[in-house]
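To start, the structure under review is shown below, and the notes come after it.
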Amino acid sequence: MGDVFAAVPHRTLVKLTAMLVMVTPAVVAQEPGSIVGTVRRADDASPLRGVLVVVAGSGIRTFTGGNGQFALLRVPAGQQTVRFQWPGYRPHEESITVTTGGTVTVDAVIAFQPVLLSEFVVTAPSRAPERVVEAPAAVSIVEPIVARDLSSTAQVPLALAKLPGVDVVQNGVNDFNLNTRGFNTSLNRRVLVLQDGRDVAIAFLGSQEWNAFSLPLEDMGRIEFVRGPGSALYGANSLTGVLNITTPTAREAVGTKLSLAGGELSTIRGDLRHGGVVADGRVGYRLSAGYARSESWTRSRTNIGDLAAEYSESADSVETLLNTPAPGFELRPLNGQVKAGPFGTPGPVTGEPDDLINVYGAGRLDVYLDNGSVVTAEGGATHILNETLVTGAGRVQVSDAWRPWARMAWAADQFNITAWYTGRKSKNGAILASAAPIDEESHVLHAEAQYHQTFLEGRGRFVIGGSARNSLIDSKQTLIAEADDDRSDWYFSGYAQAAFSVSPQLRLVGAARYDDGELFKGQVSPKAALIFSPNQRHSFRFTAQRAFQTPNTLEYFLSVVAGPPADFSLLEAGLRASPLGPALTGVPDGELFTNSAAIPVLGLGNPNLDVEHATTLEIGYKGQIGDHVFVTVDGYYSRFTNFVTDLLPGVNPTYAPWTAPAAVTDPEAQVVETAVRDQLFAAGEPLAAAGLTRLPDGTTAIVVSIGNAGEADAFGIELGTGVWLTHELRLDGSYTLFTWDVDSTTVVPGDQILADTPKHKGSVALSYIGANGVDARVSAQIVDDYEWASGVFAGRIPSRQTVDASVSYQISRNLRVHAVATNLLDQRRYQLYGGSIVGRRILGGFSVVY
């Protein structure tokens, strides 16, 4: 339940350091006490693990271990109330007296009762703690048991895949695309992903690198997903949602844990964590390290027809097979493989792809102050090898990348201050279609401060904050031309939200944020919400808001070779042999297209791009029906405008249709230009026909670029439910309906705007949380087939019906064994066009805790 932290300028950090020095003598002198104990079930007296134990009115909290035991350190002397909370059980409180330097034992027994909706607290919707029934947004919480069971896969998005309204598509073992509420793309960045307030996206793309987290999934603590626009509080690139991850403090991770796992795809994974407290509980530390290695589902596509052959495994009908295209080939094979034949020609590969490797390390230091606030300094890095990503321009292999990060924060009851750094250094990567190299170094520096306070005796609350961010990107001229490369750009923002209870049943919320930067015009993002709660078990919500998404740096300034050069020698020869030949006599042979035998194929950005906008109206209901059923219903309408297109020919007005050389005079020039386009279309080369242009220096090229175009409406319904069948058995389900409509009059020629989202999707899960130490879960998901178009990849995505399962057994207080299977029935499907076929993966392992 941690706070969403924010960053601090240098002078405040200096002031903070001085404050820490001043408070140290007072902390030493107080010599507080400790609270230890065990939490058990009322029905069978078995120990409960994962119970939240909180000292009321303070920031002191922990969770029980596998044996149900807990320890609260550095508790102020005097009368205290200890609160115990666990999903599915009635909250329990104990009043005790803590003596100076002493230890008090508290053994608690808690009884089964499905948790009332009013007892859940979330922070992401308003950037401050609030009951979920009062949250002015559609929000879901990932249950800790789900994250724990999937931890050995290291696949964070899979923990979200069964939530209502969430779209998760997978490319390879570690490459995912997370979206909600439609209009997906290959590199989606419409969902903002935060870890303790730190944006974990790749600086120059704005999208996620999911294998860059430097801690395992089960150690990520609280995971909240807000569906719908988030710009009113979070700014750019929270167009359709916010994923907020709040990791435990060091005090909540005391002890040593070793986890080992392995299984299919020759997977091996190990995670080690050690945490403790020193200085009489005033300082906590946590150290983490991990290593993972596996094969991949990704294949080389260096021969004509490789994609169609690969996708034949995923065909769910003859129609799908017949409609699978046979596009061009990639010049570069995957790392570890060698392509037969000369460079630039198709050919098969030999050898096996290199394994995917991830290595990470991280450390955290927390200083606990007497007023309950926490000062944090932490950092880490992840080393990524051989991952393959799908982009609108084709597939990219990340051969060798480092992802360092650091964060400092001061979190108190009413304010949060943070400064963080997220970096990336990649070398020896490549665009597989063209074999163009990729080397880049980028980082983001961000500082933010936030304050929240109640007023009118708690009937109202406001949150205010502001931030400054600098983004530095240097592609070594492999992705951006020299004139625009090695750039530093600034962004600034200020935001506020106020909530007021008109009556015990009616709550009003209003918010607004202003963002400005060197790459886009100032943006205002308003939000208004009305929440009606007839009682603590039910609430109804209406929300209206506007959000925006900025183009990423590459969309502004991209400059790459997008494919092998085109040879138009035969086209020129045919024109010279035709009745148009006399019109070309002034043009030297081979120069009708500057160099007709080798016309460059380029991917170029557009520095004149504007931002995308989404205006959304939402209605929602959250309710506890009886003692055993929990239901959420959310409906929405969104209006999207000013889409940023994928890399396409003809969408950027800077690159107008090709014109004949000056030596060809009118009216023959217009006839030659028309004949060239007609011949290319007739030869089945529509991209070349639409993208043939002249660069600013007058030379000929085939250009794919980016523009702003299109307006669309989206409608959706998101249903979620959880039912306690018994004390240990729970049934969960979700259903999502999505429809959309594009205003065709706003689409530029050559563009194809699709929602890239299924119309129907549903899931069901059955969980057993046994008193005997056995936990088990089985889930199934059904996804409709749908059309996909993102850049060079366009086609139909087949329907899929996948089954996942997990089981674990707590052998002793220290040892747990576990197994997890994703896509248990091995239904082989590609989930985004251009992505790899995804198959089954079964892993097993154990965790030891001391």
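General remarks:
- Each residue in the stretch 559-571 was checked for being open to solvent by 50 Å² or more (accessible area, probe 1.4 Å) and farther than 17 Å from PHE343 by Cβ, and 1 of them qualify.
- Test: ALA468 is of a type outside the set (Lys, Arg) and either closer than 29 Å to VAL560 by Cβ or modelled with pLDDT under 95 (or both): no
- When TRP788 is tested against (1) without any contact (Cβ under 8 Å) to a residue 40 or more places away in the chain; (2) surrounded by 21 or more Cβ atoms within 10 Å (Cβ to Cβ), exactly one condition is not met: (1).
- Restricting attention to the stretch 326-353 and to residues that are among the hydrophobic types (A, V, I, L, M, F, W, C) and surrounded by 14 or more Cβ atoms within 10 Å (Cβ to Cβ), the residue that is nearest to the chain's Cα centre (by Cα) turns out to be LEU334.
- Residue within the stretch 727-743 that is polar (S, T, N, Q) and over 28 Å from the mean Cα position of the chain (by Cα) present: no
- For the stretch 686-699, the condition of being touching a Ser or Thr at 6+ places or on another chain (Cβ under 7 Å), β-branched (Val, Ile, Thr) and touching a residue at least 60 places away in the same chain (Cβ under 8 Å) holds for at least one residue.
- Residues located in the stretch 129-186, provided they are aromatic (Phe, Trp, Tyr) and touching a residue at least 40 places away in the same chain (Cβ under 8 Å): PHE183
- Unique residue being modelled with pLDDT under 95 and surrounded by fewer than 17 Cβ atoms within 10 Å (Cβ to Cβ) when the list is GLU482, GLU440: GLU482
- Strands (runs of 3 or more DSSP E) (entirely within the stretch 185-298) containing at least 1 residues that are under 30 Å from VAL792 (Cα atoms) and open to solvent by 10 Å² or more (accessible area, probe 1.4 Å): 191-195
- Total residues in the stretch 603-645 satisfying the condition of being open to solvent by less than 30 Å² (accessible area, probe 1.4 Å) and closer than 30 Å to TRP658 by Cβ: the figure is 9.
- Breaking point among (1) modelled with pLDDT under 85; (2) in contact with a Gly (Cβ under 9 Å, 6 or more places away or on another chain), for VAL121: (2)
- Considering the stretch 831-850, and only residues there that are part of a strand (DSSP E or B) and under 16 Å from ALA161 (Cβ atoms), the residue that is farthest from the chain's Cα centre (by Cα) turns out to be ARG841.
- Any hit, the stretch 791-802, residues being in a strand (DSSP E or B), in contact (Cβ under 8 Å) with a residue 24 or more places away in the chain and of a type in the set (Gly, Ala, Ser): yes
- Looking across the stretch 581-602, the residues that are assigned to a loop (DSSP other than H, G, I, E, B), over 15 Å from GLY691 (Cβ atoms) and open to solvent by less than 30 Å² (accessible area, probe 1.4 Å) come down to VAL587, LEU592, SER596.
- Boolean, THR418 is open to solvent by less than 20 Å² (accessible area, probe 1.4 Å), of a type outside the set (A, V, I, L, M) and on the phi < 0 side of the Ramachandran plot: yes
- For the condition modelled with pLDDT of 95 or more and over 25 Å from GLY707 (Cβ atoms), ALA583 does not qualify.
- Filter pass, SER140 being of a type in the set (S, T, N, Q) and in a strand (DSSP E or B): yes
- Residue within the stretch 354-369 that is open to solvent by 50 Å² or more (accessible area, probe 1.4 Å), modelled with pLDDT under 95, closer than 18 Å to ALA435 by Cα and in contact with a strand residue (DSSP E or B) (Cβ under 6 Å, 6 or more places away or on another chain) present: no
- Qualifying residue in the stretch 388-402 (condition: over 21 Å from ARG269 (Cα atoms), in contact (Cβ under 8 Å) with a residue 24 or more places away in the chain and surrounded by fewer than 17 Cβ atoms within 10 Å (Cβ to Cβ)): no
- Residues satisfying the stated conditions in the stretch 817-830, i.e. open to solvent by less than 20 Å² (accessible area, probe 1.4 Å) and over 16 Å from GLY263 (Cβ atoms): TYR830
- Of the criteria (1) out of contact with any His (no Cβ under 6 Å at 6 or more places or on another chain); (2) open to solvent by less than 30 Å² (accessible area, probe 1.4 Å), which one ILE782 fails: (2)
- The listed residue being open to solvent by less than 30 Å² (accessible area, probe 1.4 Å) and within 23 Å of VAL792 (Cα to Cα), out of ALA755, ALA765: ALA755
- Subset tally (residues that are buried (at least 18 other Cβ atoms within 10 Å of the Cβ) and aromatic (Phe, Trp, Tyr)) for the stretch 505-558: 4
- Restricting attention to the stretch 433-464, the residues that are over 22 Å from TYR491 (Cβ atoms) and in contact with a Gly (Cβ under 6 Å, 6 or more places away or on another chain) add up to 3.
The values are calculated or read from the model by the stated rules, or taken from the named source; none is laboratory data. These figures come from a predicted structure and were not determined experimentally. Cβ sites come from the backbone with ideal geometry, for glycine too, and all protein chains shown count toward neighbours. Ligands, DNA and RNA are stripped out before the accessible areas are found, and what is left, the full protein with its side chains, is counted by its heavy atoms. Shrake-Rupley method; radii C 1.70, N 1.55, O 1.52, S 1.80 Å.
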